[in-house]
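Chemist: One structure, pasted below without further comment.
The values are calculated or read from the model by the stated rules, or taken from the named source; none is laboratory data. Source: prediction; values computed, not measured. Cβ atoms come from the backbone with ideal geometry, glycine included; neighbour counts cover every protein chain shown.
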Amino acid sequence: MPYDSILNWIVFKDPMVNPFYNVYNLPYDIGFKLWEILGGAIAWLINLIFPGNGASKFLVSQEVTGILALVLMVVVIFAVAFVINLTMIWEERKVLGRMMDRRATRVGPLGYLQNLADGLKTFLKENITPSKADKKGYMWALSIVIGTSVLIACMIPLSDRWFIADYGAGLLIIFGLFAIAPFMILVAGWAQNNKYALLGGMRAAAQMISYEVPMLIVFASVTLMAKSFNINDIVAAQVGMWFIVPQILGFIVFMVAAVAEAERIPFDLPEAEAELVEGWQTEYSGMKWGLIMLGDYFRGYVACALGVIMFLGGWMIPFTSWNAIPEIVFLLKVFLIFFVFAWIRAAHARVRTDQILWLGWKVLLPLSVINLLIVLALKIGGMV
Amino acid sequence: MAEMWLTMGPQHPFSHGLWTLKVLADGEIVKDAVPVIGYLHRGWEKECENRPYPLIIPMADRLCYSASMTWSHVYCKVVEEALEIELTDRTKYLRVVADEICRIQSHLMWLAAMGTDLGNLTVFLWALREREFFLDLNVKLCGQRLTTNYPRIGGVRNDMPYYFERDCLRVVKRFEKAIWNIIAMMDESAIVVSRLKGVGVISRKDAANYGLTGPTMRGCGVDFDVRRDDPYCNYDQLDWEVAVCKEGDAYGRYRVRIEEMLQSCEIIKQAMEKLDKLPKTDPTRVKVPKNVPAGTHFARLEDPRGESLMYLISDGSDRPYRLKVRSPIFVNVSASKHLVDGVRIADIPAIMGTIDMCLGETDR
Amino acid sequence: MTIKYLDKFPRSNARTLWVLKPMWVTLKNMFKTTLHRPVTIMYPYEKEWVPDNYRGRPGLIFEKCLGCGICKRMCPTTCISMIEVDGDDGKKVDRPQVNLGRCMMCGYCAEYCPVNAMIVTPDYELAAYTREELIYGPRKLAWPKHTEMMQVHLKEHLLSDLKNGVTDKPTAFYSIDRPELNDAKCIGCSRCVKVCPTGVIEMYTKGENAAGKPIKRPKFDLAKCVCCQNCVDECPKDALVIKEVL
């Protein structure tokens, strides 16, 4: 075989013929083809210089392509989640700007690049670590908060072909990772050696624990209805009827709890800037703070996506089976829910600590239990 | 959690200006509080002793950035009392209009700050948007947005320009509609109402003991307003009502201020009518002597924040011997310990926001 | 309880959970600002209209100025000083120089100027890199596009006039207050002549003293005087006072 043309190296094999994935996965396909182009080009170049070497063939062999396709797939999924996140921040800023009667973002077309400009600005800020802070707790807590936020954002599937892994635990592990951050916020608040941060961390812990419970009960009722934790199954169970119809109570409870979990107005007590300077983020400066903000929006994205998956039929279009690009449908629903989040932020003030706990334990918890009872009744009655 | 002293201020988002509230916090509950003021002390009263009388007017503007009109008014009033000058009707109504514009824009500034204190940025921006129209009126009337320098001893700086009446009535008409949007944002929101209701309660008796004045006092049921009960500038010839609220909590103070803004609109409209009836050529300023006869005088009027009072000792020269300022916020802030005792830390901005801090006049 | 605005605005306990009205209001505003742009003025690119009487930095109409120094006297922050510059005809003249780093834009200089040479200008963009740049000399203070509104006219009425019912004779201190000579105190040093910006003071010989030297006394051309008080301040024996007309 001559191997003289680059087309001999880039052959676009079938991505399904690989030892790692056996269901069609769009990001894996993209990663596979990317590596076909990238690895093929590298192999061709090496082969031009050293004709007939083994390294070139190794680079385009099936196993190496599979492994590097996995790596590229992760990059693709993260990049897409990141772009979605930037879009959501842009959307929020635009909506807030319109509602508050002011100009919002200005950099780039329609102000879309404002986030990048702000990111650059935070990146150039001085990175200060307080000398009296507990260094390990300070950095680790931050890393885990941001890390889990990014991780769950990447774990959200955009459609039945855009996922990082299709596994039985599904939503359960997303909820598990979602609930880690509050405890790390408590650690961060303690480690900063700052009274405001400490109060913010305590508030975060109290608030998140009280909102975790109704959220998980609603989640239980949804999984009960869908008979599975798997995201694909939950979405597939909503083909005939979205879960929002029988579980409107659960949807409301979940959305309120999701706003609280994402630490957004009106439930942004841990970072209440009026009384606690910046809450638990007070001593984080520069890009650390920028990453915290990014992580917050990742959590907001996850909260919206969970709402869409659990109640709004995921990537399905109602009343039709036609669905050319399910990812776009899913994202449109996410952006719609996030619009409501931004809308609530524009319309409402911050609630007080006792009120938020009152709402969590005395209103949302009973409502979520009622929702569970409704689902149980439907189940027993054989309606679903 | 053990008790800890939390220092809120002077570079804290809740303190509108440079002051500190040291709070003894037991977890979230406030056990004790110590207000600390004096960061903005400029020696204002001493400075005045070295200046001729007319040159103090621009300095009186600087006592409070959002109530400059009333502060220079009270200064002019005390010197006029020392000189025993009677103002013309046109001057009086011009001062009424200017004062009420100042009151509305000051209350809107307070409302905006209230919005951010409660975490609602929309109220902040909407209130500042409305305020901008009143600042434009200030520009048209006397050429400057905040430091108006409009009243003069024995009159006002200039008569209103010919287009002022039209613009003023338009702005007031627009404001009377637009305020309902902000009221809907605040009063119709269960969150805001539940944040404000029942916190920072002060009784009539305590208010009297602390010497509170202004909307803080009227918020707890004391029916007193200098404009009505010790009338100056023909306020007694206008038909308006004093806003009084019995509750004495933060929500009561909030409602008093909102109502005061609407009453101010009424006053502006009526004063404009009266101005319309007066001949256009009426004098707006009289020539006053340089030297003020020796004696002690005081004048008071209703500031947006309370009762502002100036006490003048003159010795017959062209500068005051002593000029004492009674600042309403200096007195009101002394009640802050009483107000925040036992509330949560989250309530402190809501309570102190309704006091409407202004540190320029407090520290002088 | 006179909170009248609440009458238009009934609240009931059933609406405790009423959180939808603010959302409706903000949504309305969103549609409004999407159709018509937000009220924000994009400041460096577009500027707010300011009326002509806007009190920005002080301006000076060089040829009108007398160099009397009333602006310096009336400046609350003493940021005006009189400096000698070359006039249009080559002679040295006194003109005000303003230190804008200290100026607080009160407009007193324009208000009290007897010839309306000091004006208020709508120029508020005064940032500079050094403090020296902020010291505006008489030529730099010029504002060529000045209009009638920028000259603040001082219109005072006399209390005596008002008592007599005369309300249409506005005047100002510079047109009626005049210096008055206490003849017994005067030593005829003629310093007042030197400091008078308008040149209304002349020395005349009143007679001869015991030693046979001429007794000189100042004579005022009161029509041209602007009551700048320079002669009063300069007089070594306090022989001159301003006589105020009230």
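Chemist: Name the residue, out of B:Lys290, B:Lys274, that is within 14 Å of chain C (Cβ to nearest Cβ), charged (D, E, K, R), farther than 24 Å from B:Ser327 by Cα and touching a helix residue (DSSP H, G or I) at 6+ places or on another chain (Cβ under 9 Å). First the steps, then the outcome.
Modeler: Numbers: B:Lys274 fails: within 14 Å of chain C (Cβ to nearest Cβ).
Step by step, each of B:Lys290, B:Lys274 is checked, and only B:Lys290 is within 14 Å of chain C (Cβ to nearest Cβ), charged (D, E, K, R), farther than 24 Å from B:Ser327 by Cα and touching a helix residue (DSSP H, G or I) at 6+ places or on another chain (Cβ under 9 Å).
Chemist: Determine, yes or no, whether B:Lys277 is of a type in the set (Lys, Arg) and farther than 27 Å from B:Asn234 by Cβ.
Modeler: no
Chemist: May I pose another question? Are any residues in segment A:1-37 touching a residue at least 12 places away in the same chain (Cβ under 8 Å), not in a loop (DSSP other than H, G, I, E, B) and not charged (D, E, K, R), and if so, which ones?
Modeler: A:Ile6, A:Asn8, A:Leu26, A:Pro27, A:Tyr28, A:Ile30, A:Gly31, A:Phe32, A:Leu34, A:Trp35, A:Ile37
Chemist: How do the helices (runs of 4 or more DSSP H) wholly within segment A:177-256 filter down when requiring 2 or more residues that are touching a residue at least 40 places away in the same chain (Cβ under 8 Å), under 30 Å from A:Ile292 (Cβ atoms) and in contact with an Asp or Glu (Cβ under 7 Å, 6 or more places away or on another chain): which remain? Write out each step before concluding.
Modeler: Numbers: elements: A:180-191, A:195-226, A:231-236.
The helices (runs of 4 or more DSSP H) meeting that bar are A:195-226.
Chemist: Only one residue in A:Val80, A:Val95 is within 16 Å of the chain's Cα centre (by Cα) and not basic (Lys, Arg), so which one is that?
Modeler: None of the other options fit; the residue is A:Val80.
Chemist: Turning to a different aspect of this structure: Filtering segment C:187-211 down to residues that are closer than 21 Å to C:Val226 by Cβ and of a type in the set (D, E, K, R), which residue is nearest to the chain's Cα centre (by Cα)?
Modeler: Filtering segment C:187-211 for residues that are closer than 21 Å to C:Val226 by Cβ and of a type in the set (D, E, K, R), the one nearest to the chain's Cα centre (by Cα) comes out as C:Lys194.
Chemist: Surrounded by 18 or more Cβ atoms within 10 Å (Cβ to Cβ) and not hydroxyl-bearing (Ser, Thr, Tyr): is that true of B:Arg228 in this structure?
Modeler: Taking the combined requirement at face value, the residue does not satisfy it.
Chemist: Give the residue that is nearest to B:Cys265 (Cα to Cα), with candidates limited to residues of segment B:81-116 that are within 12 Å of another protein chain (Cβ to nearest Cβ) and touching a strand residue (DSSP E or B) at 6+ places or on another chain (Cβ under 8 Å). Steps first, answer last, please.
Modeler: Looking only at segment B:81-116, we keep the residues that are within 12 Å of another protein chain (Cβ to nearest Cβ), and these are B:83-91, B:112-116.
Keeping just the survivors that are touching a strand residue (DSSP E or B) at 6+ places or on another chain (Cβ under 8 Å) gives B:85, B:87-88, B:91.
Numbers: B:Ile85: 29, B:Leu87: 23, B:Thr88: 23, B:Thr91: 19 Å.
If we take residues in segment B:81-116 being within 12 Å of another protein chain (Cβ to nearest Cβ) and touching a strand residue (DSSP E or B) at 6+ places or on another chain (Cβ under 8 Å), then B:Thr91 is nearest to B:Cys265 (Cα to Cα).
Chemist: Working only within segment C:188-237, note down all residues that are part of a loop (DSSP other than H, G, I, E, B) and among the aliphatic types (A, V, I, L, M).
Modeler: Selection gives C:Val200, C:Ala210, C:Ala211, C:Leu222, C:Ala223, C:Val226.
Chemist: Of the numbered conditions (1) touching a Phe, Trp or Tyr at 6+ places or on another chain (Cβ under 7 Å); (2) surrounded by fewer than 24 Cβ atoms within 10 Å (Cβ to Cβ); (3) in a loop (DSSP other than H, G, I, E, B), A:Glu327 satisfies every one except a single condition; which is it?
Modeler: Of the numbered conditions (1) touching a Phe, Trp or Tyr at 6+ places or on another chain (Cβ under 7 Å); (2) surrounded by fewer than 24 Cβ atoms within 10 Å (Cβ to Cβ); (3) in a loop (DSSP other than H, G, I, E, B), the odd one out for A:Glu327 is (3).
Chemist: For segment A:346-374, name all the residues that are in a helix (DSSP H, G or I) and either free of Cβ contacts under 8 Å to residues at least 60 places away in the same chain or more than 22 Å from A:Ile209 (Cα to Cα) (or both).
Modeler: Once the filter is applied, which keeps residues that are in a helix (DSSP H, G or I) and either free of Cβ contacts under 8 Å to residues at least 60 places away in the same chain or more than 22 Å from A:Ile209 (Cα to Cα) (or both), segment A:346-374 yields A:Ala346, A:Ala347, A:Asp354, A:Gln355, A:Trp358, A:Lys362, A:Val363, A:Pro366, A:Leu373, A:Ile374.
Chemist: Residue pairs, Cβ under 6 Å, 6 or more apart or interchain, first in segment C:98-115 and farther than 17 Å from C:Lys140 by Cβ and more than 9 Å from chain B (Cβ to nearest Cβ), second part of a helix (DSSP H, G or I) and hydroxyl-bearing (Ser, Thr, Tyr). List them.
Modeler: Going by the 6 Å Cβ cut-off, the qualifying pairs are C:Pro114/C:Tyr174.
Chemist: On to the next question. Does A:Asn127 qualify as being touching a residue at least 24 places away in the same chain (Cβ under 8 Å) and outside the structural domain of A:Pro270 (by TED's automatic domain parsing)?
Modeler: Yes: the conditions hold for A:Asn127.
Chemist: Can you find a residue that is modelled with pLDDT under 90, within 13 Å of chain A (Cβ to nearest Cβ) and surrounded by fewer than 24 Cβ atoms within 10 Å (Cβ to Cβ) anywhere in segment B:140-157?
Modeler: no
Chemist: Taking segment C:116-145 only, how many residues are within 14 Å of chain B (Cβ to nearest Cβ) and part of a loop (DSSP other than H, G, I, E, B)?
Modeler: Of the residues in segment C:116-145, 5 are within 14 Å of chain B (Cβ to nearest Cβ) and part of a loop (DSSP other than H, G, I, E, B).
Chemist: Then there is this: Tell me which residues, restricted to segment B:51-68, are within 14 Å of chain C (Cβ to nearest Cβ) and touching a residue at least 24 places away in the same chain (Cβ under 8 Å).
Modeler: B:Arg51, B:Pro52, B:Tyr53, B:Pro54, B:Ile56, B:Ile57, B:Pro58, B:Asp61, B:Arg62, B:Leu63, B:Tyr65, B:Ser68
Chemist: Can you tell which of B:Glu259, B:Glu273 is among the charged types (D, E, K, R) and in contact (Cβ under 8 Å) with a residue 12 or more places away in the chain? Explain how you work it out, then say what you get.
Modeler: Details: B:Glu273 fails: in contact (Cβ under 8 Å) with a residue 12 or more places away in the chain.
None of the other options fit; the residue is B:Glu259.
Chemist: Exactly one of these conditions fails for B:His12: (1) surrounded by 17 or more Cβ atoms within 10 Å (Cβ to Cβ); (2) under 26 Å from B:Met114 (Cβ atoms); (3) touching a residue at least 12 places away in the same chain (Cβ under 8 Å). Give me its number.
Modeler: (3)
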